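Below is one structure, written out as structure tokens, with a few remarks after it.
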Amino acid sequence: MKILIIDDNPAVRTTLKLVLAGEFDEIAAVGDPQLIPALLAGGNIDAVLLDMNFDSSRLDGSDGIFWLSRIKGMQPAPAVVMITAFGDVPLAVEAMKLGAEDFVTKPWDNDELISKLHKAIEKNKSETQRLRTLHNAREIEQKESLRKRMTLDELKLDHVREVIDQCGGNLSAASERLGINRQTLYNMLKKK
């Protein structure tokens, strides 16, 4: 599993890397949240441990909330565990309402932190799978609804296209599977 730590304090980043080193396959730690889009672009990060504040002149947590929304807007979105100082607990709870899987307070308990990260990853994977299944079901439902309104010629052409797709675009294989010769297949495709 891969973890990304985003915290502007170098000592916190170093400590977190040491604490998490035996638990996760890869750990990246950066201080600049502007790097988040590039670091998450590959879609291979399982969880982000995200600080709530990056601007010492403004400690209201709005930076963390902003980056949380950016992370959760990505596809696929990794799990996000917010890390915050004691005074920011109500803000961290608000972050959970906005999509963070959990939060940890500074100073943290190492075992609790590790447990929360593992649980966040599992929760995120389950939710991602649930949403994927729901999306697939909706697509099937929409396709069936459209099929019910098709004419017989449209249904035949739709079936022919599906078979061509299943054959990887190979028209010879598609015509064989459909039980027609290639010329008939070409003629059907020209009619569309």
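The values are calculated or read from the model by the stated rules, or taken from the named source; none is laboratory data. As the structure is a prediction and not an experimental result, all values here were calculated from the model. Please note: Cβ atoms are built from the backbone with ideal geometry, for glycine as well, and neighbour counts cover all protein chains shown. Only protein heavy atoms, including side chains, enter the accessible area calculation; ligands, DNA and RNA are left aside. Shrake-Rupley method; radii C 1.70, N 1.55, O 1.52, S 1.80 Å.
At a 1.4 Å probe radius, carbon and sulfur cover how many percent of the accessible area of the range 11-94?
55 percent
Using +1 on the beta carbon of Lys and Arg, -1 on that of Asp and Glu, and nothing else charged, what's the dipole of the range 95-146 about the Cα centre, debye to 20?
So the dipole magnitude of the range 95-146 works out to roughly 140 debye.
To the nearest 0.05, what FRET efficiency results for Ser115 and Ser62 with a Förster distance of 22 Å applied to their C-beta separation?
E between Ser115 and Ser62, to the nearest 0.05, is 0.20.
Taking just the alpha-carbon atoms of the range 84-177, what radius of gyration and Dmax come out, in angstrom?
24.4, 70
Is it possible to state the helix-based mean residue ellipticity at 222 nm for the chain, with each DSSP H run of 4+ residues giving -39500 (n - 2.57), the sum divided by total residues, to the nearest 500 deg cm²/dmol? What is it?
-18000 deg cm²/dmol
Rounded to the nearest 0.05, what FRET efficiency is calculated for Gln166 and Leu134 with R0 set to 22 Å and r the Cβ-Cβ distance?
0.35
Which whole-number value in Å² is the accessible area per residue of the range 141-192, probe 1.4 Å?
On a per-residue basis, the range 141-192 sits at 78 Å².
Within the set Lys17/Lys97; Lys123/Lys143; Lys2/Lys125; Lys2/Lys106; Lys72/Lys143, which residue pairs have Cα atoms separated by over 24 Å?
The pairs that break the limit, which is 24 Å between Cα atoms, are Lys17/Lys97; Lys123/Lys143; Lys72/Lys143.
Can you give the Rg and Dmax of the chain based on its C-alpha atoms, in angstrom?
Using the Cα atoms of the chain, the pair Rg, Dmax is 24.7, 74 Å.
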